[in-house]
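Down below is the structure, laid out as structure tokens.
The values are calculated or read from the model by the stated rules, or taken from the named source; none is laboratory data. In this text, all values refer to a predicted model and were calculated from it rather than measured experimentally. All Cβ positions, even for glycine, are placed from backbone atoms using ideal geometry, and neighbour counts span all protein chains on display.
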Amino acid sequence: MKWTILRRVFGGLGVALLISYAAGVGLTGAVTLESSAQAQSSGNVPGKVRGTFNPTDMWSAVNKGGIRGTVSIPDKQAGQLIQRNGDEWRTIRVKYISVFGGFLFLAVFIALALFFALRGRIEIDAGPSGRTIERFNAPERFTHWLTASSFIVLGITGLNVLYGKTVLMPILGKSAFASLTMLGKLAHNYISFAFMLGILLMIVIWLKDNFPNRHDLIWLAKGGGLFAKGVHPPAKKFNAGQKFIFWAVVFGGGSISLTGIALMWPFQLELFSSTFAFLNIFGAGLETNLSPLQEVQLAQMWHNIMAMLVIAIIIAHIYIGSLGMVGAFDAIGSGQVDENWAKEHHSLWVEETQGKDAPAE
């Protein structure tokens, strides 16, 4: 009898508590709905705080360029709630830059395959002489291989960032791809300094030999002798094609290096604001008041585009220097080339070199 009375008492208390809780939730929901309605109509938010935007104004601000507030922490970029340019950057990167790179590399490989099928390997027309001449000395070969090897690593790791998620991740799996990409990113960052050093050494060693001259016009008019046997336009130490590659690496690789530095230390350099301000002197009419995030996004896009252009040029350079032409690899391998090869491809340089080495009468 006593236990029955106790069960009834506790049961009644439980029902009372449930009713009180439900009433409290209902009142809280009503207050929340009323506060939300006030926030949308007049900007008031719960806690008697005046709101900055109602939802309509907020998305209108997003479409106009994003929403930025203020923060008390040192990193002021944390005050950027929404940055509208991020959508545009992602669209350009995914829909245009990656597609452009894919078609560019496909076109380069098709062109080289057709060239090899039609022209074959470029032989030494006079045949090997058995005598050699020094083409590049040890410091020159070191500069070439420092720049070339570092650029190959940078190219592979960079292309992995752009295409790896689509190409490699389905093959390797997410975990292995994540580990590989992280190691690639570290290699990309640190080896980039070797590439920058290589560009500086190239300028110091080869700048004097890469200025255009009248012989380059003859070389270009005859297609460098690449498309017909027995055609060997005169050239000094570097022909017009090699000079083009030199300047492509200096200017293209230089801009890749600058944007790479801007990406490693974001929000520090104002590369594009300064560049656009310079171009506006000539009436370009470009926007110079770029946010730090816009600077980073532009740096990343330029970095990708220029890297793919230089990679395409270097692929053609590697082809000619290895499979495409007999004796070309020796120039940068051992540094010694066959004398007939040198006379056919760099006749003016051979004359200058042999003239310097000839004994004085």
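Output the residues belonging to the range 112-141 that are surrounded by 10 or more Cβ atoms within 10 Å (Cβ to Cβ) and without any contact (Cβ under 8 Å) to a residue 40 or more places away in the chain.
Within the range 112-141, A113, L114, G120 qualify.
Taking the conditions exactly as written (surrounded by 17 or more Cβ atoms within 10 Å (Cβ to Cβ) and not in a loop (DSSP other than H, G, I, E, B)), does I218 satisfy them or not?
Details: surrounded by 17 or more Cβ atoms within 10 Å (Cβ to Cβ): no; not in a loop (DSSP other than H, G, I, E, B): yes.
Here the answer is no, as I218 does not meet what is asked.
Any idea which residue in the range 157-174 is nearest to the chain's Cα centre (by Cα), counting only those that are exposed (fewer than 13 other Cβ atoms within 10 Å of the Cβ) and not small (G, A, S)? Before the answer, list the steps.
Applying the first criterion (exposed (fewer than 13 other Cβ atoms within 10 Å of the Cβ)) to the range 157-174 yields 166, 170-171, 173-174.
This time we only want the ones that are not small (G, A, S), so: 166, 170-171, 174.
Values: T166: 17, P170: 23, I171: 24, K174: 23 Å.
Once the filter is applied, the top-ranked residue is T166.
How many residues does the range 111-127 hold that are over 13 Å from F227 (Cα atoms) and among the β-branched types (V, I, T)?
Number satisfying all stated conditions: 1.
Those residues that are surrounded by 15 or more Cβ atoms within 10 Å (Cβ to Cβ) and not in a loop (DSSP other than H, G, I, E, B), I need them from the range 264-274; list them, please.
L271, F272, S273
Only one of these is aliphatic (A, V, I, L, M), free of Cβ contacts under 8 Å to residues at least 60 places away in the same chain and assigned to a helix (DSSP H, G or I): L186, L162. Name it.
L186
Looking only at the range 259-304, which residues are free of Cβ contacts under 8 Å to residues at least 60 places away in the same chain and of a type in the set (S, T, N, Q)?
If the condition is that a residue be free of Cβ contacts under 8 Å to residues at least 60 places away in the same chain and of a type in the set (S, T, N, Q), then T259, Q268, S273, S274, T275, N280, T288, N289 are the ones that fit.
Going by the conditions given, is L309 aliphatic (A, V, I, L, M), under 19 Å from N189 (Cα atoms) and surrounded by 15 or more Cβ atoms within 10 Å (Cβ to Cβ)?
Values: aliphatic (A, V, I, L, M): yes; under 19 Å from N189 (Cα atoms): no; surrounded by 15 or more Cβ atoms within 10 Å (Cβ to Cβ): yes.
When the stated conditions are applied, L309 does not pass them.
What's the total number of residues in the range 175-215 that are among the basic types (K, R) and within 18 Å of the chain's Cα centre (by Cα)? Walk me through it before giving the result.
At the first step, the residues of the range 175-215 found to be among the basic types (K, R) are 185, 208, 214.
Narrowing further to those that are within 18 Å of the chain's Cα centre (by Cα): 185.
Looking only at that region, the number is 1.
Could you pull out the residue among M182, M196 that is among the hydrophobic types (A, V, I, L, M, F, W, C) and surrounded by 17 or more Cβ atoms within 10 Å (Cβ to Cβ)?
From the options M182, M196, the qualifying one is M196.
Taking the conditions exactly as written (farther than 22 Å from V161 by Cβ, of a type in the set (A, V, I, L, M, F, W, C) and part of a helix (DSSP H, G or I)), does I110 satisfy them or not?
For I110, the condition - farther than 22 Å from V161 by Cβ, of a type in the set (A, V, I, L, M, F, W, C) and part of a helix (DSSP H, G or I) - is met.
Might you let me know whether the range 275-282 holds any residue that is aliphatic (A, V, I, L, M), crowded, with 18+ Cβ neighbours inside 10 Å and assigned to a helix (DSSP H, G or I)?
Filtering the range 275-282 down to residues aliphatic (A, V, I, L, M) leaves 277, 279, 281.
Next cut, crowded, with 18+ Cβ neighbours inside 10 Å only: none.
No, the range 275-282 contains no residue that is aliphatic (A, V, I, L, M), crowded, with 18+ Cβ neighbours inside 10 Å and assigned to a helix (DSSP H, G or I).
Here are the criteria: (1) at pLDDT 95 or above; (2) outside any helix (DSSP H, G or I). Tell me which single one L286 does not satisfy.
So L286 meets the others, but not (1).
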